[in-house]
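As structure tokens, the structure follows; a few thoughts come after it.
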Amino acid sequence: KLENMKAIVIIEKGEDGTYDANLSYYENIDFGLFGQGGTVKETIEDFYKSYEEMRQLYKDQKKQFTELDFDFKYDMASFLAYYGNVMTLAGLSRLTGVNKGQLSHYVTGYRKPGKKTTEKIEKSLHQFAEELHRVQFI
């Protein structure tokens, strides 16, 4: 019996401006999950709704259900849209060294960052998170 298996969910912004969340394929999981919405938050909520509906379907059919914990991975446009209310493009630009205008293009989907730029942004965010983790107030 598999319980609380870690599963990766990919969140991407579509060309029409909506967002999709898709469960990555796993050999031991015999169902798919999908979420869609006008915002990343709506998409994640819809994804969890899909998960609950699948859980109920398995229960109704008296089938064993694999419980999952999710790790969400974002394309750049989805990440920037989701965290844009706590992190401005100007702040992210200062943090990462990536031009604000370039970041703006990533948000709108006008352009997509290359692998090197994606890694630079991710590394900068992880370093910032480590700094925040060490903060202590007196």
Positive-end extreme of charge dipole, the stretch 33-113 - chosen from Tyr51, Asn99, Tyr74 (charges on Cβ): Asn99
Other-chain or far-sequence residues with amide H under 5 Å of Ile8's (modelled H): Ser24, Asp71
Of all accessible heavy-atom area on the stretch 59-138, the percent that carbon and sulfur account for (1.4 Å): 51 percent
Where labels lie 7 Å past Cα in the beta-carbon direction, separation of Lys115 and Gln36 in nm: 3.1 nm
Value at 222 nm in deg cm²/dmol, rounded to 500, when DSSP H runs of n ≥ 4 in the chain each add -39,500 (n - 2.57): -15000 deg cm²/dmol
Rel. contact order, % - alpha carbon contacts under 8 angstrom, at least six apart, the stretch 7-138: 21 percent
Inter-label distance, nm, simple model (7 Å from Cα along the C-beta direction), Glu27/Gln56: 3.3 nm
Residue-count net charge about Gly109 - beta-carbon cut-off 11 Å; Lys, Arg +1, Asp, Glu -1: -1
Convex hull volume of the stretch 71-138 per residue (C-alpha atoms, cubic angstrom): 103 Å³
For the chain: accessible area per residue (Å², 1.4 Å): 69 Å²
Calculated Rg/Rh (Cα atoms, Kirkwood Rh) (choose from (i) 1.01; (ii) 0.99; (iii) 1.05), label: (iii)
Listed residues Tyr48, Tyr19 arranged by accessible area, highest first, probe 1.4 Å: Tyr48, Tyr19
Listed pairs Lys13/Lys73; Lys41/Lys100; Lys6/Lys49; Lys73/Lys123; Lys49/Lys73 exceeding 22 Å between Cα atoms: Lys41/Lys100
The stretch 20-62 and the stretch 109-138: distance between their alpha carbon centers, rounded to Å: 28 Å
Compactness index (Cα Rg / 2.2 N^0.38 Å), the stretch 11-57: 1.18
Order by protection proxy (mean Cβ within 10 Å, highest first), peptides 101-112, 36-47, 84-95: 36-47, 101-112, 84-95
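The values are calculated or read from the model by the stated rules, or taken from the named source; none is laboratory data. This structure is a prediction, so every number in the text was calculated from the model and none was measured. Note: ideal-geometry Cβ built from the backbone for every residue, glycine included; neighbour counts use all protein chains shown. For the accessible areas, the whole protein counts, side chains as well, though only heavy atoms, and no ligand, DNA or RNA atoms are used. Shrake-Rupley method; radii C 1.70, N 1.55, O 1.52, S 1.80 Å.
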